[in-house]
Amino acid sequence: MWLSKRDPDAPTEILNWRLWYGVFVFGLMGAARGLDEGLTGTTASLKSYSTTFGLKDPSLSKSEQADRLSNITSMVQMGSILGALVAFYLTDKIGRLWATRELCLVWICGTAIYLSAASTGHIGMVYAGRFIMGVGIGQTTVVAPTYLAEVAPRFVRGLCVCMFSGSVYFGIMLGYFSVWGSSLHISNTSQMQWVVPNLLHIYFAGIIALLSCFATESPRWLVKVDKQEKAMNNLSKLRNLPTDHWYVQSELMDINDQLNREKEATLGSKWFGPLKELVMLPSNRYRLMLSAMTQILGQWSGANSITIYAPEYFAMMGTTGSSEKLFATAIFGVVKFVSSMICAFFLIDYIGRKKSLVSGITIQFVSMLYMAIFLVIDTGVSNEEDVQTKSEKSAAIGAIVMIYVSGFGWALGWNSVQYLINSEIYPLRLRAIGGSFAMTFHFVNQYGNSKAVPEMFLTLTTGGTMFFFAAVTLLGLAWVYFFLPELSGKSLEAIDAVFDLPWTVIGRKGKDLTVGVGSVVEAVGEKGGMDNVEHVTDNDRKV
């Protein structure tokens, strides 16, 4: 019923179990990042872990302790940079399914090395294992969103890709609760206190690799490697329609049309041809700008630092006691997971990407600003010996609530859009390399963020750090209004038309280009006037 309201021409069969199975398998890969973010900071707060690897070593200065923690935390980001870089080659070379199995193997091997450090206590094994884990985890951010965007019908593409971002918080939530549970039931003198929660990495990698054996390969990738018959059969399976059905034939025709146009516009057939296209063509440079800015503004808005260092944030806001901080952190994971699901099912396709992002950023800005003002006024809140007045306690409770509110805003805004936008803005020939660039840039910024935040809390005032995050969210709000186009309801092939507009109007006029499956832009006026755009509609394609 919902689909018929959004796309009355689409057969109801296109929403079927084969599609949802593929969405489940590839969406579940988001848990790779989520598990690491949920486990790393909370694991470091366990006595068994911090004692073994010297995170509370009295012989080290506070700066050296912070540096060691940031090294452990950021090692996965460093590996993820390499993973995201190689992912575009592997994804295009061996396909979306085999790339999934390969990354799961790397992920498991890295985790095994990391957990082996429990018996040796060598910090070097922690670094090496987490780096190799990162190579596998980094690939998930390219492989999964690419597959999800390629197999999803256009009116549920937001929902499908957001299953990946939702799984990030599913992983975070599981990571938080597993560490909290192990802190209660496993002795802090046993290495198993931190090893048991981190086994989740191996469980998830194994499950995803096994489930991928029953998933359907992306028809768009098959077209790209010139396996036309296989592509048609796979598209027929995913849409649950006969191969000669008009919807299947129309979609296949659009995929081939776009690929043929891309081949005509290619700047070389060598391996560096797509790279030249990515940087030489104005429309692709705009896409690169969107990828870069979503990562810069999203990563430096402060939300990821709260996710990774959640126990420390709750301590700053007045939550004391190891168990209490871990429990508050676990509830924080629940809030983010539920928020991401609300966004995926009810908002991202219904109200659009841009409105969801604006709403999320606004919520995040208000919460960050409150926390910044609170930390400036009540400088002794994290000191257990200080006695708070009634009004100070109320303000502290409000600050703790704002941590949860900021998580809701992040899940609604940047976290959902950063994967979705980058998976749908690039044409088929450049989708893998464009997504690889975006996620490489993502992990570079996340690495810098995870390294910088512990030092920022030492060199800046805590309130000053939060004011910095609030300023970045406000800047992001302005950027979204002027530069980010609304792409909901458009097929992947029709999205190209948006980027044929002059760059000055793409962000504000792109949504007016209401073209769907089979739509192409024949001409765009020199001044970007929308009256000069000719459309080929769905009904034209059926005829």
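Return the inverse of the average 1/r over all pairs of distinct C-alpha atoms in the range 127-235, which is the Kirkwood hydrodynamic radius, in Å to one decimal. Don't skip to the end; give the middle numbers.
Values: mean 1/r = 0.0602 Å⁻¹.
That comes to 16.6 Å for the range 127-235.
Want the number for residue 285 to residue 505: 0.36 nm per residue separation, take away the alpha-carbon distance, what's left? Walk me through the intermediate numbers first.
On the way: separation 220, 0.36 × 220 = 79.20 nm, distance 1.49 nm.
Result for the pair: 77.7 nm of gain on full extension.
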Worksheet item: When ranked by the protection proxy of mean other Cβ atoms within 10 Å per residue, highest first, what sequence do the peptides 395-401, 42-48, 145-151 form?
Response: 145-151, 42-48, 395-401
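Where does each of 353-361, 118-126 land if you order them by average Cβ count within 10 Å, highest first?
On the way: 353-361: 22.6, 118-126: 14.6.
The densest-packed peptide leads the list: 353-361, 118-126.
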Item to complete: Describe numerically, in nm with one decimal, the distance between label points set 7 Å from Cα along Cα→Cβ at residue 59 and at residue 376.
Response: 4.2 nm
Practice prompt. Just read off the accessible area of residue 108 with the full protein assembly in place, 1.4 Å probe, to the nearest 10 Å².
Written response: 50 Å²
Discussion item. Among 16, 65, 90, which residue has its Cα furthest toward the positive end of the charge dipole of the range 9-134, with +1 on Lys/Arg Cβ and -1 on Asp/Glu Cβ?
Written reply: 65
Practice prompt. Calculate, for residue 98 and residue 228, the FRET efficiency according to 1/(1 + (r/R0)^6) with r their C-beta to C-beta distance and R0 22 Å; round to the nearest 0.05.
Written response: 0.65
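Quick one: of 393/451; 276/451; 56/451; 227/490; 355/490; 451/490, which pairs are farther than 27 Å apart, Cα to Cα?
Values: 393/451 32 Å; 276/451 33 Å; 56/451 18 Å; 227/490 25 Å; 355/490 16 Å; 451/490 39 Å.
Distance filter (> 27 Å) returns 393/451; 276/451; 451/490.
Go through 418-426, 79-87, 494-502 and give me the packing order, highest mean Cβ count within 10 Å leading.
Going from most to least packed, we get 418-426, 79-87, 494-502.
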Worksheet item: How long is the range 3-136 along each principal axis, judged by its Cα atoms, biggest number first, in Å?
Response: 70, 33, 24
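The values are calculated or read from the model by the stated rules, or taken from the named source; none is laboratory data. Keep in mind the model is a prediction, meaning the values are calculated, not measured. All Cβ positions, glycine included, derive from the backbone under ideal geometry; neighbour counts span all protein chains shown. Accessible surface areas use protein heavy atoms only, side chains included; no ligands, DNA or RNA. Shrake-Rupley method; radii C 1.70, N 1.55, O 1.52, S 1.80 Å.
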